[in-house]
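The values are calculated or read from the model by the stated rules, or taken from the named source; none is laboratory data. This structure is a prediction, so every number in the text was calculated from the model and none was measured. FYI the Cβ positions are ideal-geometry reconstructions off the backbone, even for glycines, and counts take in every protein chain you see. Side chains are part of the model used for accessible areas, which takes the heavy atoms of the whole protein and leaves out ligands, DNA and RNA. Shrake-Rupley method; radii C 1.70, N 1.55, O 1.52, S 1.80 Å.
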Amino acid sequence: MRRILTAAAVASVALAAGCSSSPGSSGSGGAAQQVTLRLGFLANITHAPALVGVDKGIFTKALGKNVTLSVKIFSTGTEETTALLAGQLDAAYVGPNPAINAWSKSGGKAIKIISGAATGGASVVVKKGITTAAQLKGKSLATPSLGNTQDVAVRYWLKQNGLTTTATGGGDVSIKPTTPNSAAVLEFQSGQIAGASEPSPYNVEMVNAGGTTLLTETGVTTNLVVSQTFLKAHASVVSGLLEGQIQANDYIAKNPAAAQTAANAELTKLLGKGIKSSVLPAAFKEITFTDNPDAASLATDAKEAAALGLVSAVNLNGIYDLGPLNKLLKAAGEPQVSG
């Protein structure tokens, strides 16, 4: 069960990479070409590989001195897919549903999923006393955006339990796309909504505010995608990005406390405000950071979104390009993955 679209990056920062080796392509005369890689990700702990990779300089080192990394942070995967389809991003950490949406809208020509990043770390949190889907009839729930991963997850779950929703907030349960995610937490605290389907850390914040977890959403939460145009023009740069992705996840696994500090430091730098230290451990604990894209759950996501009428039935054949990732995983002595 699983994320899609609008527009507006809330912060950006350019980082000049600095390492002796260069994954940039060569120009005439053998001179290395300077390349800018525009990378997007969300202000979520489910995107911790990006946060940690940027803060610890892991991406900068892996990309090399001839690549300038320009990062943009977004509120929703919907905004990211808008930027990807408009040619404003070269790569992005996105949920499965935004990836599916970009693939569908472009007829399979816009993006490729090149790595997993995280699974788990999203749930439906509601007011205490609500223990069944039936008790949500006539109430309102928030999600990050229409058709995004958490939006599809809760709508499909409600449908399974005989409750209707509509894209405009009607039906048995009113679903309210709410941006940024922190606004949903505030609405929950003030009693404006009965609950929300949110990614970490916002679901954890709602639990800390007195909520209870009604549904834990499993499967892939975050994948790394790249523009097919950029991949074709700068394959070696993409390889450098993947090397950084693998190293970032390894860092999280081996240094959990330091990774939490790094992710929060990057959020603070980009947004001017981090996450409460009391929330971070629980937020990280519910997520599995993995390079495996969990292709089976992506296929399930696509079927559920189609069943809800949020996307047309889509053929996902070709959406993955995991060859470069597997080459690096093999070299690092780590298990290879499949799509």
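Counting Lys +1, Arg +1, Asp -1, Glu -1, what net charge surrounds THR179 among other residues with beta carbon under 12 Å of its beta carbon? Could the numbers behind the result be given before it?
Working: positive: LYS176; negative: GLU79, ASP151, GLU187, GLU198.
So the surrounding residues net to -3.
Would you mind calculating the gained length between ALA257 and ALA313 on full extension (0.36 nm times residue separation, minus the Cα-Cα distance), in nm to one decimal? All intermediate terms of the calculation are to be shown ahead of the outcome.
Values: separation 56, 0.36 × 56 = 20.16 nm, distance 4.21 nm.
Stretched fully, the ALA257-ALA313 segment lengthens by 15.9 nm.
I need the trypsin sites (Lys or Arg not before Pro) found in region 259-317, filtered to DSSP loop residues with at most 14 other beta carbons within 10 Å of theirs. Walk me through the numbers on the way to the answer.
Numbers: sites: LYS269, LYS273, LYS276, LYS285, LYS303; in loops: LYS273, LYS276.
Here the trypsin sites (Lys or Arg not before Pro) that fit, given the DSSP loop and packing criteria, are LYS273, LYS276.
Counting only residues 5 or more places away or on other chains, whose amide H sits under 5 Å from the amide H of THR36 once H atoms are built in the peptide plane?
Amide H neighbours of THR36, under 5 Å, 5+ apart: THR68.
State in Å² the accessible area per residue of region 81-172; use a 1.4 Å probe, count heavy atoms of protein chains only, and round to the nearest integer. Could the numbers behind the result be given before it?
On the way: 2940 Å² over 92 residues.
Computed with neighbouring chains in place, this is 32 Å² per residue.
Determine ³J(HN,Hα), in whole Hz, for all residues of region 155-168 in sequence, where each value follows from phi through the Karplus function 6.51 cos²θ - 1.76 cosθ + 1.60 and θ = phi - 60°; x replaces Gly and Pro.
3J(HN,Hα) across region 155-168, in whole Hz: 5, 5, 4, 5, 4, 4, 9, x, 10, 9, 9, 10, 5, 9.
So what is the accessible area of region 294-339 per residue, in Å², with the probe set to 1.4 Å? Walk me through the numbers on the way to the answer.
Numbers: 2430 Å² over 46 residues.
Using a 1.4 Å probe on heavy atoms only, each residue of region 294-339 averages 53 Å².
Just to check, using Stokes-Einstein with a Kirkwood Rh over alpha carbon pairs, what's the diffusion coefficient of region 230-339 at 10 °C and 1.306 mPa s in µm²/s? Present the calculation step by step, with values, prior to reporting the outcome.
Numbers: Rh = 16.7 Å.
Reported coefficient: 95 µm²/s.
Sum up the charges of everything whose Cβ sits under 12 Å from the Cβ of ALA194, counting Lys and Arg as +1 and Asp and Glu as -1, but leave ALA194 out.
With Lys, Arg at +1 and Asp, Glu at -1, the neighbours total +4.
Out of residues 5 or more away from LEU214 or on other chains, whose amide H comes under 5 Å of its own, with H placed 1.01 Å from N in the peptide plane?
The answer is VAL124, VAL125, VAL126.
Give the value in nm², to one decimal: projected area of the alpha carbon convex hull of the chain, averaged over all directions.
Averaging across all directions leaves 15.9 nm² for the Cα convex hull.
Per-residue HN-Hα couplings for region 294-307, Karplus 6.51 cos²θ - 1.76 cosθ + 1.60 at θ = phi - 60°, whole Hz, x for Gly and Pro?
Result, rounded to whole Hz: 6, 4, 4, 6, 5, 4, 5, 4, 5, 5, 5, 5, 5, 5.
So what's the net charge close to SER115: Lys and Arg +1, Asp and Glu -1, counting the other residues with Cβ under 15 Å from its Cβ? Spell out each step's value before the answer.
On the way: positive: LYS112, LYS327, LYS330; negative: ASP90, GLU243, ASP250, ASP291, ASP294, ASP321, GLU334.
Result for the neighbourhood of SER115: -4.
What list of ³J(HN,Hα) values in whole Hz, one per residue of region 240-257 in order, does the Karplus curve 6.51 cos²θ - 1.76 cosθ + 1.60 (θ = phi - 60°) give from phi, with Gly and Pro shown as x?
x, 5, 5, 4, x, 4, 4, 5, 5, 5, 5, 5, 4, 5, 8, 9, x, 5
Across every pair of different alpha-carbon atoms, what Kirkwood hydrodynamic radius in Å does region 167-252 reach? Mind dumping the intermediate values first?
On the way: mean 1/r = 0.0616 Å⁻¹.
For region 167-252, inverting the mean 1/r across all distinct Cα pairs yields 16.2 Å.
Where the only charges are on Cβ atoms (+1 Lys, Arg; -1 Asp, Glu), what is the dipole of region 179-313 about its Cα centre, to the nearest 20 debye? Don't jump to the answer; show the numbers that get you there.
Details: 7 positive and 12 negative charges, 60 e Å.
Rounded to the nearest 20 debye, it is 280 debye.
Roughly to the nearest percent, how much of the accessible area of the chain is carbon and sulfur, given a 1.4 Å probe?
Values: 6490 of 12850 Å².
C and S atoms contribute 51 percent here.
If you find the alpha carbon centre of region 137-177 and of region 267-293, how far apart are they in angstrom?
Comparing the Cα centres of region 137-177 and region 267-293, I get a distance of 26 Å.
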